[in-house]
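Worksheet: one structure, shown below.
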Amino acid sequence: MELLVSSIKFDITPTHPVSLLGYFNDRVSTGVADPLFCRLLALESGESRLLIIQVDSCLIPNDDAESLRKRISSQTIYRPEELLICTTHTHTAPALVDFYGARREDSYRKELYSRIAERSKGLKAKTRCSVKTTRCSVKGLSHNRRWFMSDGKVVTNPPKGSKNRVKPEGKVDEEVILIGFFGEKDDVLALLVNISNHTDSVGGTEISGDWPGFMERFVEEELDVPLNVITLVAPQGNINHYDFDSSKNQTSLEEARRIGRVYGKAVLSNLFRCRTVDNDKLRAELRYVDIAPREISDTELGRARDTVRTPQSTNDGADLKAEDIETPAVLRIFASQLLAFHEALPPCYSVPLQVMRLGSIYLCAIPGEPFVEIGLELKQSYKGNTVVPVSLANGYFGYIPLEQSFDHGGYEVKQGVHNCLSRKAAGIILESLKEMLDRLTLQDR
């Protein structure tokens, strides 16, 4: 059965100053370094179909993602399980939720969702295509950002060159998975690129799509065709681009451009080495899994109350990033978040997990920032297929660390309103996704 595809993108850059989400303090945009986009990819084979929606945003909150899914499903041919909504996680885009210091941009948010729903309603897969995929490695761009220090504790983003660093806590995933949709004349119609790295290389207060945007523009320029290069961010909760042995400044627009070009060159050098895959099986499953909230001890509550009662020091107005987690200003933020989280503690969270199948390719969508080991285990458990773990998809439940990491410390394991799942969440999510993968792969037996 033939496979049909259509792909569009539209500009979602705000036209006025907005609060940018990604750090602990509020940052109001002062200009536009490069544009933001929403990208849609529609696939259809017979009565089966899939729709991937990617937004240049740091995150889409859970309620918004669920509401948008229902809205699109109610006015299109797509069933809820056939819709995947994900973000690039750029830290220089408008806030779609109150998050630490950032304030939700309501007018932008409402207009964005309305435009996505409207463009989804008008999009129909119509061009015959083949699907090809390949894998390659890009070394030197991703690093585990959680380091064991000489005192035995783990610190997120320790000072570069620190002699107290002992070793990284975990692994990296340098593999890039490329999925290309090709027309009858072998022309490239759209690309999906799965990369494990944090999208926070720009900094500052100018709006930017960060390295995914630069990667797309580089590929477009080299191929000399307009093209949707859809970055599906692989698990990266403990990964970023900082080389901790380098003294080089790695937060700038130039750094985002450099990273985008390196990934873009990898895409181009492997694009026409892709192998054709069976593409006549479009399937999707969406499961809501109940996961308990993050466990909080009495000792942690007591420390948080003491921290909040401590007189507040002056803030010099600098950006408060993950490197600043041990500063008094950020410790007060964490303490306040923990107390607010404890006051509104639900019995459990309903966490959406999704698997989309395209022949022998399986997209596994996780609503948060899983540690890289979660994606590696999913890929290694199904070596006969191409498993593509997608983070920041269908909502956001914060970081999803490995259970043992909670005892080590670091930024990612701090409890809070936006970092809320149980210590056991990683295991529950892995088990559930493997069950879903088993069910979809068994359909061929």
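The values are calculated or read from the model by the stated rules, or taken from the named source; none is laboratory data. Remember, predicted model here, so these are calculated numbers, not experimental data. All Cβ positions, glycine included, derive from the backbone under ideal geometry; neighbour counts span all protein chains shown.
Tabulated values for the structure
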| read-out | value |
| --- | --- |
| Residue within the stretch 411-422 that is assigned to a strand (DSSP E or B) and within 21 Å of ARG79 (Cα to Cα) present | no |
| Among (1) in contact with a helix residue (DSSP H, G or I) (Cβ under 9 Å, 6 or more places away or on another chain); (2) in a helix (DSSP H, G or I); (3) under 29 Å from GLU2 (Cα atoms), the one test that ASN270 misses | (1) |
| Flag if GLY416 is within 30 Å of ARG305 (Cα to Cα) and either in contact (Cβ under 8 Å) with a residue 40 or more places away in the chain or surrounded by fewer than 23 Cβ atoms within 10 Å (Cβ to Cβ) (or both) | yes |
| Any hit, the stretch 12-19, residues being in a strand (DSSP E or B) and at pLDDT 95 or above | yes |
| Elements of type strands (runs of 3 or more DSSP E) in the stretch 108-199, at least 3 residues being small (Gly, Ala, Ser) and within 30 Å of LYS383 (Cα to Cα) | none |
| Hits in the stretch 202-228 - residues which are assigned to a loop (DSSP other than H, G, I, E, B) and either in contact with a Lys or Arg (Cβ under 6 Å, 6 or more places away or on another chain) or free of Cβ contacts under 8 Å to residues at least 40 places away in the same chain (or both) | THR205, ASP224, VAL225, PRO226, LEU227, ASN228 |
| Selected residue [over 20 Å from the mean Cα position of the chain (by Cα), closer than 30 Å to PHE181 by Cβ and in contact (Cβ under 8 Å) with a residue 24 or more places away in the chain] from LEU286, LEU271 | LEU271 |
| Criterion violated by LYS171 - all others in (1) touching an Asp or Glu at 6+ places or on another chain (Cβ under 8 Å); (2) under 30 Å from ASN25 (Cβ atoms); (3) charged (D, E, K, R) satisfied | (2) |
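Residues are listed down the side, and each one gets a yes or a no for (1) surrounded by fewer than 23 Cβ atoms within 10 Å (Cβ to Cβ); (2) modelled with pLDDT under 80; (3) in a helix (DSSP H, G or I); (4) more than 22 Å from the chain's Cα centre (by Cα):
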position: PRO311; (1), (2), (3), (4): yes, yes, no, yes
position: THR314; (1), (2), (3), (4): yes, yes, no, yes
position: ALA318; (1), (2), (3), (4): yes, yes, no, yes
position: ALA329; (1), (2), (3), (4): yes, yes, yes, yes
position: SER336; (1), (2), (3), (4): yes, no, yes, yes
position: PRO346; (1), (2), (3), (4): yes, no, no, yes
position: TYR362; (1), (2), (3), (4): no, no, no, no
position: PRO367; (1), (2), (3), (4): no, no, no, no
position: GLY375; (1), (2), (3), (4): no, no, yes, no
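Table: residues versus (1) buried (at least 18 other Cβ atoms within 10 Å of the Cβ); (2) in contact with a Pro (Cβ under 8 Å, 6 or more places away or on another chain).
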{"residue": "ASN238", "(1), (2)": "yes, yes"}
{"residue": "SER247", "(1), (2)": "no, no"}
{"residue": "SER252", "(1), (2)": "no, no"}
{"residue": "LYS265", "(1), (2)": "no, no"}
{"residue": "LEU282", "(1), (2)": "yes, no"}
